[in-house]
Amino acid sequence: MTTWTEIADEAALTELLGEPTAAAANKERSALSDVDRDWLAASPFCMLATADADGRCDVSPKGDPAGQLVHVIDDHTIAIAERPGNRRADGYRNILANPHVGLNFLIPGRGDTLRVNGRARLVSDAPFFDAMVVKGHRPLLAVVVEIETVFFHCAKAFLRSQLWKPETWEPEAVVPRRAVLSQRLERPDDTIEELDAYYGPSYEERLYG
């Protein structure tokens, strides 16, 4: 039987990893700087992490054109738009039970990321929705986040993964295309031809309406 050595407390974790540098330990801020605002304006994609009342977690991707993904309300508050989707709303149900969220904002080609942690609430309409219209469509709702901490995360994970190097991309080398996955795991009664058509050019045309 294989023996695992488990880290079960913070002291053991610190002994293994060491103490963070002063720069890493002290880089958290509680308000947006001008550089943070510029980053949010340039970011077309983020990951939203939530957890329910029992601690069960969910991470959901959010994407919009750069400049329209995030609306900065003030130095302590941002809003993320919700667009039409599959209506599972896992993360939003979590927010109703537990407002604590984490966000990681990416800029294509950049290895560093901007991390925001705070408390969220769901808003179904507000005047700032007018600034978040994409292709004539207002958001269905917005996640309004009161910022508790904001800081930049270094590029090591992206450098190790070579995520932004096209020469490493082989999107269907091991995992089959979306239509095949959908038939195998989600929609067994549909044909591959039907699913290829569903996920074809018209899929992108339905993103906002």
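The values are calculated or read from the model by the stated rules, or taken from the named source; none is laboratory data. The structure presented is a predicted model; accordingly, all values stated were derived computationally and were not measured. Reconstructed Cβ throughout: ideal geometry from the backbone, glycine too, with neighbour counts over all protein chains shown. Heavy atoms of the whole protein, side chains included, go into the accessibility calculation; ligands, DNA and RNA do not. Shrake-Rupley method; radii C 1.70, N 1.55, O 1.52, S 1.80 Å.
Counting only residues that are open to solvent by 70 Å² or more (accessible area, probe 1.4 Å) and touching a Lys or Arg at 6+ places or on another chain (Cβ under 9 Å), segment 157-180 holds 2 of them.
Scanning segment 96-107 for residues that are over 17 Å from L159 (Cβ atoms) and open to solvent by 40 Å² or more (accessible area, probe 1.4 Å) returns L96, A97, H100.
Rundown of residues vs (1) touching a helix residue (DSSP H, G or I) at 6+ places or on another chain (Cβ under 6 Å); (2) farther than 30 Å from A24 by Cβ, yes/no style:
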{"position": "N98", "(1), (2)": "no, no"}
{"position": "I107", "(1), (2)": "yes, no"}
{"position": "T113", "(1), (2)": "no, no"}
{"position": "D130", "(1), (2)": "no, yes"}
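Screening the candidates R110, R87, R93 for the property of being surrounded by fewer than 17 Cβ atoms within 10 Å (Cβ to Cβ), in a helix (DSSP H, G or I) and not hydroxyl-bearing (S, T, Y) yields one hit, R93. Does A49 qualify as being of a type in the set (A, V, I, L, M), surrounded by fewer than 16 Cβ atoms within 10 Å (Cβ to Cβ) and either in a strand (DSSP E or B) or in the same structural domain as P139 (by the TED database) (or both)? No: the conditions fail for A49. The set of residues in segment 156-178 that are farther than 22 Å from G109 by Cβ and either modelled with pLDDT of 95 or more or under 21 Å from the mean Cα position of the chain (by Cα) (or both) contains only R178. Scanning segment 60-71 for residues that are touching a helix residue (DSSP H, G or I) at 6+ places or on another chain (Cβ under 8 Å) and over 19 Å from R138 (Cβ atoms) yields one hit, S60. In the condition set (1) part of a loop (DSSP other than H, G, I, E, B); (2) assigned by the TED database to the domain that holds D52; (3) of a type in the set (V, I, T), V175 is compliant with all but (2).
Considering only residues in segment 116-143 that are part of a strand (DSSP E or B) and over 19 Å from R88 (Cβ atoms), the one that is most open to solvent (accessible area, probe 1.4 Å) turns out to be R121.
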